[in-house]
Amino acid sequence: MIVFVSGGARSGKSEVAERLTRECCRARGGALYYLATATASDAEMAVRIARHRRERGDAWRTWEAPLALGTALDNVEPGASVLLDCLTLWAARALFEARYDTAAGLTQLEALLVAARVRSLDLVVVSNDLNEDVLPQDVETWRYIAFLQHLHRALAGQADRVIEVVAGVAIDWTEGREAT
Amino acid sequence: MQLFIGGACAGKRDAVSKRYPTAHWHRLDAGAPLDGWRGSAVSSLPLVVTGWTAWLEAALDNEPNDDRLRERLAAALDKLVAVERKGGPTVVLILPEMGRGIVPMSPLKRRLRDLAGWLAQDATERAEAVWYVRHGLVKRLK
């Protein structure tokens, strides 16, 4: 099963996503993986990462998501439950570090989703909702929002469940796809 | 009147195109009259009105009074509703959601955000149905 969870900053989206991944894991009895996209680029980020890790507990096997996101699940055994947190940061690295264009970004995401299905994994993907602000004036931020939205729309179109988190409350959007 | 609202690149255009494949699209240009659709709309085809942000950005420079601007927009919505009720085209509005970020530093952007929010509320009040578009998915709010 593929689940897409998104929301604003500190909306509780990671907690909701972790709970869902754990529930998948309990139901399937497989391993629990945490695919991290954050790197400790400064002291504040290091503290932030440590806090997330502490809150998650030690049941998780953690590793860093590669820029070639499509290969991220290559070594995961079938039946495992994987949490990718978060797509927003991967998208920033993909666009500005790896210099992927939209097609390349979508190809990586597509490969990740195919790998999850082929290996019969539960994959929960967390991301930030960033597109409901006043439109950015600078070209680079615009490019990033457009890139991220392409990923979000592709993911929402393929996920088995789509969840918006507001103040820790999970709002189900899965029905929305039937209407489109 | 049908209202589609959502953030940047949320899939509003696709959602509307899918539901109204034959629609006539009218884009409000900066500085153009709000009832510019009168010249090109056809009663038998749905009328999609878009481009509200560009119109608002330009209008903010010329009208310092937010209440007056809001009233002008509300009057434009009333005209659209009236035309639809008189057997005119089904009116479909596409509006931007831009109120879920940090308060902008620039006064103009703060005004833009306020007016876009009021416009959405005033449109919702008059609309028969309101659709929220998020990451390509659509949820009916009203």
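The values are calculated or read from the model by the stated rules, or taken from the named source; none is laboratory data. None of these values were measured; they are calculated from a predicted model. With ideal geometry, Cβ positions are generated from the backbone for all residues, glycine too; neighbour counts draw on all protein chains shown. Protein only, heavy atoms only, side chains kept; ligands, DNA and RNA dropped before computing areas. Shrake-Rupley method; radii C 1.70, N 1.55, O 1.52, S 1.80 Å.
Some observations on this one:
- Within the range A:13-31, the set of residues being farther than 15 Å from A:Gly57 by Cα and not in a helix (DSSP H, G or I) comprises A:Gly29, A:Gly30.
- Of all residues in the range B:74-89, those satisfying the criterion of being over 14 Å from the mean Cα position of the chain (by Cα) and on the phi < 0 side of the Ramachandran plot are B:Ala82, B:Val83, B:Glu84, B:Arg85, B:Lys86, B:Gly88, B:Pro89.
- Selection within the range A:60-82 - touching a Cys at 6+ places or on another chain (Cβ under 9 Å) and farther than 26 Å from A:Ala9 by Cβ: A:Ala80
- For B:Glu125, the criteria (1) touching a residue at least 60 places away in the same chain (Cβ under 8 Å); (2) farther than 19 Å from B:Cys9 by Cα hold in every case but one, which is (1).
- Unique match (being more than 14 Å from chain A (Cβ to nearest Cβ), at pLDDT 95 or above and in a strand (DSSP E or B)) among B:Val138, B:Val133, B:Val92: B:Val92
- Subset of the range A:3-49 [touching a residue at least 12 places away in the same chain (Cβ under 8 Å), among the hydrophobic types (A, V, I, L, M, F, W, C) and away from chain B (no Cβ under 14 Å)]: A:Val16, A:Ala17, A:Leu20, A:Cys24, A:Cys25, A:Ala31, A:Leu32, A:Leu35, A:Ala36, A:Ala38, A:Ile49
- Being farther than 23 Å from B:Gly11 by Cβ, within 14 Å of chain A (Cβ to nearest Cβ), in contact with a Pro (Cβ under 8 Å, 6 or more places away or on another chain) and without any contact (Cβ under 8 Å) to a residue 60 or more places away in the chain is a condition met by at least one residue of the range B:98-115.
- Test result for B:Asp122, in a helix (DSSP H, G or I) and out of contact with any Leu (no Cβ under 9 Å at 6 or more places or on another chain): no
- Only residues that are at pLDDT below 85 and acidic (Asp, Glu) were counted across the range A:43-61, and they come to 2.
- When residues of the range B:20-41 are limited to those that are within 13 Å of B:Val91 (Cα to Cα) and open to solvent by less than 70 Å² (accessible area, probe 1.4 Å), the one nearest to the other protein chains (Cβ to nearest Cβ): B:Tyr20
- Positions within the range B:95-110 being crowded, with 17+ Cβ neighbours inside 10 Å and in a helix (DSSP H, G or I), in sequence order: B:Lys109
- Output for the range A:129-157, where each listed residue is at the interface with chain B (Cβ under 7 Å from one of its Cβ atoms), open to solvent by 20 Å² or more (accessible area, probe 1.4 Å) and in contact (Cβ under 8 Å) with a residue 40 or more places away in the chain: A:Ala146
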